[in-house]
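Since the structure comes first, as structure tokens, the remarks are kept for the end.
The values are calculated or read from the model by the stated rules, or taken from the named source; none is laboratory data. As the structure is a prediction and not an experimental result, all values here were calculated from the model. Glycine gets a Cβ as well: all are built from the backbone with ideal geometry, and neighbour counts include every protein chain shown.
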Amino acid sequence: MAKGNCQFEGNGGQYFSAVIFHLGLFSLLTLGLYLPWALVRLFKLKALHTTIQGKKTTFTGTGGQLFVRLLLNGLLTFVTLGLFGPWAFCHIFRWKADHTLVDGTPSRFTGTGGGLFVLYVIHLILLPMVTFGFYYLVGMYRFHAWKEEHTLYGGKFTSFGAGLGEYIKICLLTWILNSITFALFSPWSLCMLYRWQMGGLVVGDKDLVDHFPPVQTSLRAVLITFLMGLLLFASAGFFIYEEIEFHIKAFSEGSFKETGVLKSKIVRNRTAKPPSSAVSKSAEKVKKSEAATGTVRKEGVGKPASSEKIPTQKPQPDTQDFENNLKKLDLFIKDHPNNGMAFYNRACLYSSKGDLNRALKDFTEAIRINSENADAYYNRGIIRVKMKKYHMAVQDFQRVVTLKPAFQDAYCNRGNAYYALGKHDLAIQDYTKSLKIDPNDGDVLFNRGLAYLALEQKDPALSDFKKASQMGQKQAEGYLKRAKDL
């Protein structure tokens, strides 16, 4: 294999002003009018740092000449809806070659718009499409190779052999570092590209110099990029399928709202005070209350997909009504054993009567049928708090916030469970997350104050009690009145 006999020796520092100020800032401020002059500045810098067959190169073009060519070719490309683009590129390449001198001898460009058009359609449109875009970098590599193979530097035959892998590496590195540095790495990335380009050139008579073979389309590159694109497409398709399957499953269970969501709350049925057994001795003067009493949020219930109405749980003081509702749910579940919402509604009914074991069993069955039912996890967590199975309750609330990150009560009640376990730091973290969703929740502020107090952090505790009291939290007022004893 031939080795390149050309070299580029510039560095990013030498190109910083030309790229950042001339190509970037000045061109932007002039709405692109200065761009031709900025490009010519780069062409001259590149020639200054380039040697071809050990000979010096110079560039003699001017910004005014490039401005006229860019304007005319741009207009022709615009009015032909882009079809003239390959011929426009060839006109610019030809002008650039004519003004690139190798030891005083002009270069020549031999490519044609028709030849570039074929390459453009195949390598920059068709193959990227069939490979879901992954072939695009390979197509750009072919574009670079085609341009160099049709440029006769100093009028001598030129071949190109720079590696595709190195080109892809430069492109990826450029994208990553420019994203991190807000494009300040651009001068160095441009020099990397110049060094790769010139290092892959062999210039000279065929009889005297060992040249690279013509660049061809690699079937392996096409296959690899196709498989990469197919993998991405399949992953996206699987995700979409999962979403569709989830919604179909939800519809098959019934297009209705859930009967209720149990709340582990004691203050205004909004929040739960951590178990009194975990409160510090100084806090025992305040009247204690049970942790995790539950209320049911009642919501409307619609029709399931089967068009049969699911019996809904409506807590009633009358035992007869409870028995009637339970009987209806039992019969419905017997006919529809895979309807998760029926088990969910029966669990809520059991919970309303304090039958925690049966409620836990039915919530678990509802979750088995539909593992995405966040409210079933939430209610099961409440039941487990009541049963003092705090570790398991934490797991349920964790699943809730995974499915519904904005579920404020789940953070609050997981904090309560952590408090009961004596993990006050974790409790404070969850109360804080709950307050980020609703900063005006006085009950959660009160709970966090208790957690701070358990850690003997008096100042943040009193701060939370004060804020909670201002929001009408009565228990916080009691703690503030006894602040001297805390």
Inset, instruction - Give the residues of segment 143-189 that are without any contact (Cβ under 8 Å) to a residue 40 or more places away in the chain and of a type in the set (Val, Ile, Thr), sorted by residue number. - result: ILE168, ILE170, THR174, ILE176, ILE180, THR181
Legend entry - Entirely in segment 274-369, the helices (runs of 4 or more DSSP H) that have 1 or more residues that are at pLDDT 50 or above and loosely packed, with under 14 Cβ neighbours inside 10 Å: 319-335, 356-369
Legend entry - Verdict on TYR194 being touching a strand residue (DSSP E or B) at 6+ places or on another chain (Cβ under 7 Å) and in a helix (DSSP H, G or I): yes
Inset, instruction - Out of the residues in segment 24-38 that are in a helix (DSSP H, G or I) and closer than 10 Å to PHE67 by Cβ, state the one that is farthest from the chain's Cα centre (by Cα). - result: TRP37
Legend entry - Test for GLY64: is it over 30 Å from MET228 (Cα atoms) and at pLDDT below 95: no
Inset, instruction - Tell me, yes or no, whether segment 139-158 has at least one residue that is surrounded by 15 or more Cβ atoms within 10 Å (Cβ to Cβ), of a type outside the set (Asp, Glu) and at positive phi. - result: yes
Legend entry - Which numbered condition LYS55 misses (of (1) of a type outside the set (A, V, I, L, M, F, W, C); (2) free of Cβ contacts under 8 Å to residues at least 60 places away in the same chain; (3) surrounded by fewer than 18 Cβ atoms within 10 Å (Cβ to Cβ)): (2)
Inset, instruction - Restricting attention to helices (runs of 4 or more DSSP H) lying wholly within segment 69-187, give those where 1 or more residues are within 22 Å of LEU23 (Cβ to Cβ). - result: 85-98, 136-149, 164-181
Inset, instruction - Determine the pairs where a residue that is touching a residue at least 24 places away in the same chain (Cβ under 8 Å) and under 18 Å from LEU426 (Cα atoms), located within segment 369-395, has a partner that is of a type in the set (Asp, Glu) and in a helix (DSSP H, G or I) with Cβ atoms under 8 Å apart, the partner being 6 or more residues away or on another chain. - result: GLY381/ASP396
